[in-house]
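Okay, so here's the structure we're looking at.
Laboratory data are not the source of any read-out in this text; all were calculated from the coordinates shown. Model, not experiment: these values are computed from the prediction. When we count neighbours, we look across all protein chains shown, and the Cβ atoms used for this are built from the backbone with ideal geometry, even at glycine.
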Amino acid sequence: MKSKKLRVGIIGTGGIANAHLKSYLRMGDEVEIVGGSDIVPGKAREFFDNAGLTDVQAFDSNDELLSLGLDAVSICTYNSTHAECTIAAIEAGAHVLCEKPMSVTLDDAITMYNCAKENNKILTIGFQPRYDPNMDLVREIVGSGALGEIYYIQTGGGRRRGIPGGTFVRKELAGVGALADIGCYSLDMVLSAIGYPKPLTVSAYASDRFGKNPKYFSDAKNFDVDDFSVALIRLEGDIALDFRMSWAMHMDSMGDTMFFGTDAGLKIKPAGVGTGWGGAWDGTIGPIYMYSDINGQLCETSIPLRTPSDDRFYGKVKAFCDAVATGGTAPIPTIESVYNQAIVDGIYRSSQMGKEVEILLPGL
Ligand SMILES: NC(=O)c1ccc[n+]([C@@H]2O[C@H](COP(=O)([O-])OP(=O)(O)OC[C@H]3O[C@@H](n4cnc5c(N)ncnc54)[C@H](O)[C@@H]3O)[C@@H](O)[C@H]2O)c1
């Protein structure tokens, strides 16, 4: 017997909605793209027409879209409206794939998590690097126990010249800058490898010197988020996490990502260093090295990289649809994205206050 087609919708038909649409279309008969909505009048209609999908319904109101009875919805709005759109979609009976970062504040992330739980719906956040075979490789090596007890992690990455512009640099729309935009990927990469321990405290510094300077960013007058941040995060299990992120800097990279263990260490070089844009973990992984002591000899081993066989973005949309179709759970457990947001929120608060802050997770 042929399984039922999933009825899907897209809320927010800006840039990234195109990648969601492309992935849903690639699923062919498994999915029916029912409609989309955007708060900018006419934008959803134009989005589908541009894709040649003139029969797909388009609305200027999310409520009208959600009244059609959808199985699954992609939330592709800017960060500040992730929470309200996710909650509306879940309350209307849909499972949700929400773009990263989960939200702007930890409070919103907790409300989204509880809403999904109470309504028995899937809520998964769009971290497509999870579907990269070399990110799997890192998780497999770390998860194998070969490093022993992990006590320190550094996650680097960052761009030399990579301020994205548009809605990403406006506090009212994005909420947070580089820290949340690409920092959430770095955090997800290392924390997913060690099973996402609870974050406890954060001491952070953030700045906006490049975004606010017209010499480096053409829309400097509208820039009101961070473009650089560093933090020391304490995690449950006596682990220190050293975080570094930037959209722009006079440096080629914010360093490697490194796991320090009692038996071995793992270094992951950022890819694309020297290209200006490269080096953040939303992209391809660079060379991987393992450092160990074999019979008293200090060894450095190069780990062969895997060749990606498919598109990461398709992987994330497909995993979501498969979970919805089979009555499964969120492919990326929602609580992990709440912890991710807790750290982003902690870095933001600590940098604003100029001192270490505690991470509290009320209502979980
Ligand atoms: N996973 C990735 O690779 C990736 C890449 C780019 C962006 N993103 C994420 O996707 C999100 C959107 O980014 P973008 O580049 O598409 O931004 P964008 O500004 O191009 O598009 C956002 C759209 O959402 C609409 N919108 C905002 N609030 C709405 C609401 N309440 N109801 C309906 N529509 C609403 C806006 O009008 C706009 O058309 C961001 O959270 C961003 O971090 C993810």
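See the values below:
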read-out	value
Inter-probe distance in nm under a simple model that places probes 7 Å from Cα toward Cβ, at LEU361 and THR275	3.5 nm
Angstrom value of the Kirkwood radius, inverse mean 1/r, which spans all Cα pairs in the stretch 300-364	15.6 Å
Angstrom value of the Kirkwood radius, inverse mean 1/r, which spans all Cα pairs in the chain	21.1 Å
Summed side-chain charge close to HIS250 - residues other than HIS250 whose Cβ falls under 14 Å, Lys, Arg +1, Asp, Glu -1	+3
Within straight-line cross-link reach of LYS100, lysines at Cα separation under 21 Å, skipping those fewer than 8 residues along the same chain	LYS22, LYS117, LYS121, LYS171, LYS198, LYS316, LYS318
The stretch 59-180: relative contact order as a whole-number percent, Cα under 8 Å and 6+ apart	24 percent
Placed amide H near HIS95: partners under 5 Å, 5+ positions off or other chain	ALA72, VAL73
